[in-house]
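Before any comments, here is the structure.
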Amino acid sequence: MFYQKILRPILFKTDPEKIHHLVIAGLAVVSKIKPLSFLISNYLNVKSSFLEVKIGNLTFSNPVGLAAGFDKNVTAPLAYEMLGFGYAELGSVTLIAQPGNPKPRLWRIPKDKGLIVYYGLANCGANKVVEKLKKIKNPHAPFGISIAPTTGLTLTQMIEDYAKCFEIVSPYADYITLNVSCPNVANCELFAQISFIRELMEKINNLKNSLNTTVDIFIKIGPDMAMEQYDELVDICIKNNILAIISTNLVKNRANISPVSNQDELNHPGGISGKLVDDKNLDIIKRLYRRADGKVKIIGVGGIFTAEDAYKKIKAGASALQLVTGFIYGGPTTIKNINQGLVDLLKKDGFKNIDEAVGKEA
Ligand SMILES: Cc1cc2nc3c(=O)[nH]c(=O)nc-3n(C[C@H](O)[C@H](O)[C@H](O)COP(=O)(O)O)c2cc1C
């Protein structure tokens, strides 16, 4: 309540990108002050066997992860466990550092409980990220690194670019996500094509085998593909040992959504996050889940603000979840509230853990 009634109105008066950086910098400081982070962590973490989730080699203490894009440069990697997240996906990172699109490039659309995002993969590059990852001490909640192609390359160059980035980053991550769905860079339509995704997965799977690494590989897709393509995507994932599909990234095609914000509020370039990602997202999760038949896990992301939102995605077929916008709108107790609510919802329906509820309404 304090966050929503007092702090958020103050934060939301300031430029969104400035606040974004300021919050991460603050989290980095707080998470390094051991006694303080211990107290916060104790207050915000919900420990319950109902919430534990296993995906491949990974165990998450709860299903709610931080989605990519909040901490692109791995500035506050220890903060997310402190805030109650079960895991965190950091990045997206590209092989070469890049400035992203010109500012302004982030806008709030509160009537739609969302954001318009036009960062364009701004990040400090793979080598810098690795320097930071090397400093993280064990034990810690699992974290993944989302990798994406450096802007301005041809399709063939992009595959090589992903591969080099994977080689540099994968030894220091618990899992790697191939982001094939950033809606805010040149050529983004091309690298979301099935033919490209197939070639990329084959390359990365071969590379993984030749490097003899056990790192888990996820893929993150967009919400704007034709429904049949999601079936094809699942098949390619199974063939190439992709462990989980993260569904979905920001909405790029605005013809697919019905915003309540007015034209002026929406008159910015970029992909949309939050509530507007939600509806089609549930259908996509169900489709992926049915096709995957347990051979690939689904991670649901888009418009999760409450335990009920989270539970809907689990029952649609998501084994784990991610969020960004719900945290920005809901503040530091968001994850605790979702996890506590999930335990209650699972108990009410007679389930003993998340796994038992997955796909019950797919
Ligand atoms: C500010 C911001 C930056 C983002 N940057 C990335 C990114 O770099 N890579 C990525 O895969 N997704 C990125 N996303 C998409 C989110 O990870 C997520 O898929 C999307 O916002 C839907 O979830 P939400 O409604 O919980 O925010 C970004 C989202 C936001 C709000």
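Please treat every number below as a calculation from the coordinates, not as lab data. Predicted model, so just to flag it, every value in this text is computed and none were measured. A quick note on method: Cβ atoms are made from the backbone with ideal geometry, for glycine too, and the neighbour counts reach across all protein chains shown.
The table that follows gives values for the structure above.
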read-out	value
Gain upon complete extension [Ile24, Met1; 0.36 nm per residue less C-alpha separation]	6.2 nm
Gain upon complete extension [Glu356, Thr306; 0.36 nm per residue less C-alpha separation]	16.0 nm
Additional length obtainable on full extension of the chain from Ile96 to Asp15, 0.36 nm per residue less Cα span	26.5 nm
Per DSSP, loop GluC sites (Glu not before Pro) in the stretch 130-209 with at most 16 further Cβ within 10 Å	none
Span-like helix ranges in the chain, DSSP H, alpha carbon extent 20 angstrom or more, Kyte mean at least -0.5	16-32, 155-169, 194-211, 334-348
Those residues of the stretch 160-185 whose amide nitrogen sits under 12 Å from the label point placed on Asn241, 7 Å along Cα→Cβ	none
Label point distance in nm, Ile136-Arg8, each placed 7 Å from Cα along Cα→Cβ	2.8
Backbone HN-Hα couplings from phi across the stretch 105-115 [Karplus 6.51/-1.76/1.60, Hz, Gly and Pro as x]	8, 8, 9, 8, 10, x, 5, 9, 6, x, 9
Residue of Pro269, Pro104, Pro139 that the Gaussian network model of the chain assigns the largest fluctuation, springs spanning Cα pairs under 10 Å	Pro139
For the stretch 2-357, size of Cβ-based charge dipole, Lys and Arg +1, Asp and Glu -1, in debye	920
Above-threshold pairs, the threshold being 27 Å between Cα atoms, out of Lys252/Lys297; Lys137/Lys315; Lys220/Lys360; Lys111/Lys312	Lys137/Lys315
Max mean-square fluctuation residue, GNM over the chain, Cα-Cα springs under 10 Å, options Leu342, Leu133, Leu321	Leu133
Proximal aspartates and glutamates relative to Lys34, as straight alpha-carbon distance under 14 Å, when same-chain residues fewer than 8 apart are discounted	Glu81
Selection from Gly65, Cys182, Leu11 lying farthest towards where the dipole of the chain points positive, charges on Cβ	Leu11
Among Lys295, Lys103, Lys113: highest mean-square fluctuation, GNM of the chain, C-alpha pairs under 10 Å	Lys103
